[in-house]
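Enquirer: This is the structure I have questions about; it appears just below.
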Amino acid sequence: MSTPQDFPRIGVVGAGAMGRGIAQLFAQSGHQIVLWDSQPEATTAALQAIGSTFERLTEKGRMTPEEAQAARARISSIERLEGMANCDLVIEAIIERLDAKRLIFERLEDITGPDAVLATNTSSLSVTAIAAACSRPQRVAGIHFFNPVPLMKVVEVIRGVRSDDSVIERLIALVQASGHRPVVASDTPGFLVNHAGRGYGTEALKALGEGVADAVTIDRIMREQVNFNGNGFRLGPFELLDLTALDVSHPVMESIYRQFYDEARFRPSVITAQRLAGGLLGRKTKEGFYRYVDGKQVLAEEPPVPPAGSLPPVWISPAGERSAALAKTVAELGATLENGAQPSAQALILLAPLGVDATAAAAGLDASRCVAIDTLFGYAAGSCKRRVLMATPATRPEFVAAARSLFAADGAAVDVLRDSPGFVAQRVVAMIVAIGCEIAQQRIAEPADIDAAVRAGLGYPAGPLEMGDLLGPATIVEILAGMHAVTGDQRYRPSQWLRRRALLGLTLHHQD
Ligand SMILES: NC(=O)c1ccc[n+]([C@@H]2O[C@H](COP(=O)([O-])OP(=O)(O)OC[C@H]3O[C@@H](n4cnc5c(N)ncnc54)[C@H](O)[C@@H]3O)[C@@H](O)[C@H]2O)c1
């Protein structure tokens, strides 16, 4: 490979998990790399690890032996930071501490030439605050990789308040040439991906805290009921918290909440605070929301739904387009439908609320016979993995059991929740869309970049704006407005970007 024209020599400061990945990536795309760490043994270990990675890639046929040898030869270590004097770009990936990073940038400004670009891989500190240590903050920007760097194909290029446009453009081109997808985000708490990722865990924790369902049930719902173009979430929110570990994720939840001056949408949960204090960190301590034996999650089998005895007739409220589709499924599953203006005295009353709880949807009806079903995602007979029901506190157990049996009649799994505005899937997905819309509204990133970064960086089945468009912006507004009305909690207020596009019949990707 010929030497890239821009940034032929890249310095990497910090040879830990991220520094070594960054060195590998850019050595593979033809740049000369110099690596420095305050701990010489970290540099040695990094060079060894990169060498073994290249060997493995060669064995798997992903690199030729010549390519591996050439890429390895492009990386050298240096004993003093001063060895970065002739670098065109220096990427800092040291400990996540503002004072330590500012000190490195101060030194780099003296060491490097006046045109060198200085970039930080910080995940939570302000790029602008790091740049302020330099007399020329225009040449400083963020370049935020995800772990493991070679495999996580998205990179956030962070525009500090004083970053030069040309610096941002050159970093975008650099990332593109390495085969990764650059997304530009302005320097705001959590940048793009860690900001967009706030909804999933916090809303699931909110539902858990309200006693709506246990963690295992919530995880199953997000994996199996949610369906965007055939895919749910790969990991449930609690499995994800176990994987990242609470000593990492709880402080991030607190930090982003505080940095946005107590924005209600990001409010952390007392549940993770207590579990962190108790040492239930997740996989790495063998116990989190799940237990782990030999690295494997211990999971009790889901009990089968008891078969239906004689089903009561079903009356659906309210009448309308949604209830016509529901009536079709109910009939296909074998129940008798009532068509009267009011339910008979024996009828199971079926509700299909958006954003409000079963109790609110049961207004004016006999709540003791009311059961609600979540109709946000497909629930048609024969084609649905999991259906989700919920009951009011007054619903009699025999009506819950009847609804459960009815909706399991084609072999689908059924969960029954305690009453909740927005069940589980509605509220979690609506929160993800609302936060994605805030990111667009605040011009932190472009709509297409918001979706691409979330799909690649968080592995969601669709980006937040794409989710909103697939379900319909007006539907998301209805869910959020319902939740806002029932709970009075500001976290559920519909975002302005979303509300305007829903009212105007525009896609959530529409920019003004
Ligand atoms: N690990 C991740 O998932 C991840 C993802 C994105 C960004 N980041 C960010 O990347 C940076 C590095 O994270 P990491 O996971 O590679 O950490 P790490 O602990 O694996 O490595 C950090 C390295 O920096 C060295 N170091 C510490 N202080 C130094 C100093 N003052 N001067 C020179 N070297 C110093 C350490 O010896 C260590 O080798 C942090 O800012 C982190 O927030 C991490």
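The values are calculated or read from the model by the stated rules, or taken from the named source; none is laboratory data. Just so it is clear, the structure is predicted and the values come from calculations on it, not from any experiment. Cβ: placed from backbone, ideal geometry, glycine included. Neighbour counts: every protein chain shown.
Enquirer: Is there a residue being within 16 Å of the ligand (Cβ to nearest atom), over 22 Å from P150 (Cα atoms), touching a strand residue (DSSP E or B) at 6+ places or on another chain (Cβ under 8 Å) and not β-branched (V, I, T) anywhere in the range 109-116?
Expert: Within the range 109-116, one or more residues are within 16 Å of the ligand (Cβ to nearest atom), over 22 Å from P150 (Cα atoms), touching a strand residue (DSSP E or B) at 6+ places or on another chain (Cβ under 8 Å) and not β-branched (V, I, T).
Residue-by-condition table, conditions (1) more than 16 Å from the ligand (Cβ to nearest atom); (2) within 20 Å of Q259 (Cα to Cα); (3) in contact (Cβ under 8 Å) with a residue 60 or more places away in the chain:
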position	(1), (2), (3)
R74	yes, no, no
I78	no, no, no
R97	no, yes, no
R107	no, no, no
A133	no, no, no
F146	no, no, yes
M152	no, no, yes
G160	no, yes, no
A173	yes, no, yes
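Enquirer: With respect to F7, determine if the residue is away from the ligand (no atom under 13 Å from the Cβ), aromatic (F, W, Y) and buried (at least 16 other Cβ atoms within 10 Å of the Cβ).
Expert: yes
Enquirer: Would it be correct to say that A70 is more than 10 Å from the ligand (Cβ to nearest atom), modelled with pLDDT of 95 or more and surrounded by 14 or more Cβ atoms within 10 Å (Cβ to Cβ)?
Expert: Taking the combined requirement at face value, the residue satisfies it.
Enquirer: Follow-up question, since we're still on this one. Restricted to the range 14-24, and to residues that are of a type outside the set (D, E, K, R), crowded, with 23+ Cβ neighbours inside 10 Å and under 13 Å from I50 (Cβ atoms), which residue is farthest from the ligand (Cβ to nearest atom)?
Expert: For the range 14-24, the residue satisfying everything is Q24.
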